[in-house]
Each structure stands twice: as C-alpha cells, then as structure tokens.
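Chemist: One structure is given below, represented as structure tokens, and several questions about it will come after.
The values are calculated or read from the model by the stated rules, or taken from the named source; none is laboratory data. Please read all numbers here as calculations on a predicted model, not as lab measurements. When we count neighbours, we look across all protein chains shown, and the Cβ atoms used for this are built from the backbone with ideal geometry, even at glycine.
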Amino acid sequence: MTENLFRLEKVKGILFDYGGTIDSNGMHWAEVIWMAYQYCQIPVTKDVFRQAYVHGERTLGRNPIIQPYHNFRDMLKLKSQIQFEWLIEHKYIPSTSTEEPGQIAEWCYRYAQNAINNARPVLEALAIRYPLVLVSNFYGNIEAVLKDFQLDHLFNSIVESAVVGIRKPDPEIFRLGVEQLAVPAENSVVIGDSYDKDIIPAQEIKSQTIWLKNTGWEDYKGTETADVVISDFVELKNLFFG
C-alpha cells in the first residue's frame, strides 16, 4: 500500500465503484473473462478475444439486452453469448460452440463470488462507520446484482450510469454521489479500480482517492497518482481501522 496525502480524519462518507473493484479485486473484467477463456480452452488469441469483448460491450451499450431483473450470472451468460456469436460469425471458432458461453459465465461467476466474499467483511465494517454510496457504470441491473450477492443492504444509495444518464469518466456522476452522501466533496473518498474513470474525475471534484491498482485494460504510464494506492481490497481494513 502506498500512501501519499490521504487524511482519514477528513472522511465522512465513501463513494465506491462496483465492477472491477468489489467484484474482482481490481482486475479489469476483460482480464477475468480472458482467464475463463483460457481455463475453458477456447482456441482464440488474446487479441481476437479483446475484439469480441469490445464488440460485446458496444452491443450491450446500444441495445437494451440486459434488463433490470438480470442478476450477475444472467449478465455473464448474455455477454458470453454475444462474444461467441461474433467469434462464430468471423469463423474463429466452430458453430458447434454452444455450451462454452455457459461455462465461461459460471467460471466468472465463481470468481466474482470469491472476490466479493473477501470484500464483504471490509464493506460491512465500513458501512457501520460511514455512509456508503455506489457510483457505477452499469446496465440498469445493479440492484439485482447486489441483491444476488447480498450486498444491497450495505449502500445508502446507488448512482448507476444507465439510470442517471451520465457515465464515468464524467465527474458529474461523482457529484451526484456526493449529493447522496450529503457531505462536502472534500470529506468524501472515492475507491475504484480505474484510474481514468474513477480517480481522475474524483480528483476533479476534490474528493480524496484510493486507487485499487491491479491489471487494467491498458498498460499504466507510471505517472498515475492517487492519495492512496492499494493492490488488494482487504488493505482497506488497515487503512481505515489501523
């Protein structure tokens, strides 16, 4: 853990990112899904996989495929199916690859469950001491996802991009989160895995920042800064409770 300018005594409320932070311990979800592809021995290169992943995210962004009632397992299956449809269409895998999307989804679901089980005690302890607000780029189903993982009771409020019509890295979505905390921005701290989408906009609104740094979508430049840099979610316990 690297500490710079973090002032614990100033913190009156916490803004948490969800995807990539709570559910994968800082690992970008493309990397998690790629690990599942390798585990399931899907015969594609990482470059081809990344093309399929981007296609899937753009498809989900354009079309209301994911519905508010879909939990995380449902969402993973839909993502995997879209990726495999693209891979089959471009002849990277045979058209008989029909069971693999479900296998990918189950592997990723177990990964998320393990990460959340590790994060849960920290979140529960923080929720006793501070108001917690979730600020997430998500598909409109974050409440179903939180309920499925039994995390819904820990957050005072949720600011979800698909609901409010603002996406990270727009700092306005974090300003909405601060409003839900009902504390001044300088008395809030943003905790997230994405330097560009979490840390930079949080700095713009004068919130303190804790960067959960793991494997991202792109390589880091080495010039990134945050008030605290951690490599494991559970490090938050020592940071906040000593």
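Chemist: Among the residues in the range 208-229, are any on the phi < 0 side of the Ramachandran plot, assigned to a helix (DSSP H, G or I) and either in contact with a Phe, Trp or Tyr (Cβ under 9 Å, 6 or more places away or on another chain) or not β-branched (Val, Ile, Thr) (or both)?
Modeler: Looking through the range 208-229, none of the residues is on the phi < 0 side of the Ramachandran plot, assigned to a helix (DSSP H, G or I) and either in contact with a Phe, Trp or Tyr (Cβ under 9 Å, 6 or more places away or on another chain) or not β-branched (Val, Ile, Thr) (or both).
Chemist: Anything in the range 13-66 that is closer than 30 Å to Lys206 by Cβ and among the acidic types (Asp, Glu)? List them, or say none.
Modeler: Within the range 13-66, Asp17, Asp23 meet the criteria.
Chemist: Then there is this: For the structure I just gave you, tell me whether Tyr18 is closer than 28 Å to Val229 by Cβ and outside the structural domain of Gly140 (by TED's automatic domain parsing).
Modeler: Criteria not met by Tyr18.
Chemist: Of all residues in the range 72-114, which are at pLDDT 95 or above and hydroxyl-bearing (Ser, Thr, Tyr)?
Modeler: Matches in the range 72-114: Ser80, Tyr92, Tyr109, Tyr111.
Chemist: Let me ask something else. Is it the case, given these coordinates, that Tyr69 is at pLDDT 95 or above, surrounded by fewer than 20 Cβ atoms within 10 Å (Cβ to Cβ), outside the structural domain of Lys168 (by TED's automatic domain parsing) and of a type in the set (Phe, Trp, Tyr)?
Modeler: Here the answer is yes, as Tyr69 does meet what is asked.
Chemist: Let me confirm something: among Gly20, Gly56, which residue is more than 30 Å from Arg129 (Cβ to Cβ), buried (at least 20 other Cβ atoms within 10 Å of the Cβ) and of a type in the set (Gly, Ala, Ser)? Talk me through it step by step, then tell me what you get.
Modeler: Working: Gly20 fails: more than 30 Å from Arg129 (Cβ to Cβ).
The unique qualifying residue is Gly56.
Chemist: Checking Val48 against (1) touching a strand residue (DSSP E or B) at 6+ places or on another chain (Cβ under 6 Å); (2) β-branched (Val, Ile, Thr); (3) without any contact (Cβ under 8 Å) to a residue 60 or more places away in the chain, which test does it fail?
Modeler: Single failed check for Val48: (1).
Chemist: Might you let me know whether the range 72-91 holds any residue that is surrounded by 13 or more Cβ atoms within 10 Å (Cβ to Cβ), closer than 29 Å to Ser157 by Cβ, β-branched (Val, Ile, Thr) and not assigned by TED's automatic domain parsing to the domain that holds Ala185?
Modeler: The answer is no; no qualifying residue exists.
Chemist: Next question. Can you give me the number of residues within the range 23-46 that are acidic (Asp, Glu) and surrounded by fewer than 21 Cβ atoms within 10 Å (Cβ to Cβ)? Before you say what the answer is, go through the steps one by one.
Modeler: In the first step, residues of the range 23-46 are kept if they are acidic (Asp, Glu); the result is 23, 31.
This time we only want the ones that are surrounded by fewer than 21 Cβ atoms within 10 Å (Cβ to Cβ), so: 31.
Selection size over the range 23-46: 1.
Chemist: Filtering the range 199-232 down to residues that are within 16 Å of Asp170 (Cβ to Cβ) and in contact with a Lys or Arg (Cβ under 7 Å, 6 or more places away or on another chain), which residue is surrounded by the most Cβ atoms within 10 Å (Cβ to Cβ)?
Modeler: Pro201
Chemist: Can you pull out every residue in the range 183-205 that is without any contact (Cβ under 8 Å) to a residue 24 or more places away in the chain and within 13 Å of Ile14 (Cβ to Cβ)?
Modeler: Ala185
Chemist: Would you check if Asn71 is of a type outside the set (Val, Ile, Thr), without any contact (Cβ under 8 Å) to a residue 24 or more places away in the chain and out of contact with any Phe, Trp or Tyr (no Cβ under 7 Å at 6 or more places or on another chain)?
Modeler: Against the criterion (of a type outside the set (Val, Ile, Thr), without any contact (Cβ under 8 Å) to a residue 24 or more places away in the chain and out of contact with any Phe, Trp or Tyr (no Cβ under 7 Å at 6 or more places or on another chain)), Asn71 does not qualify.
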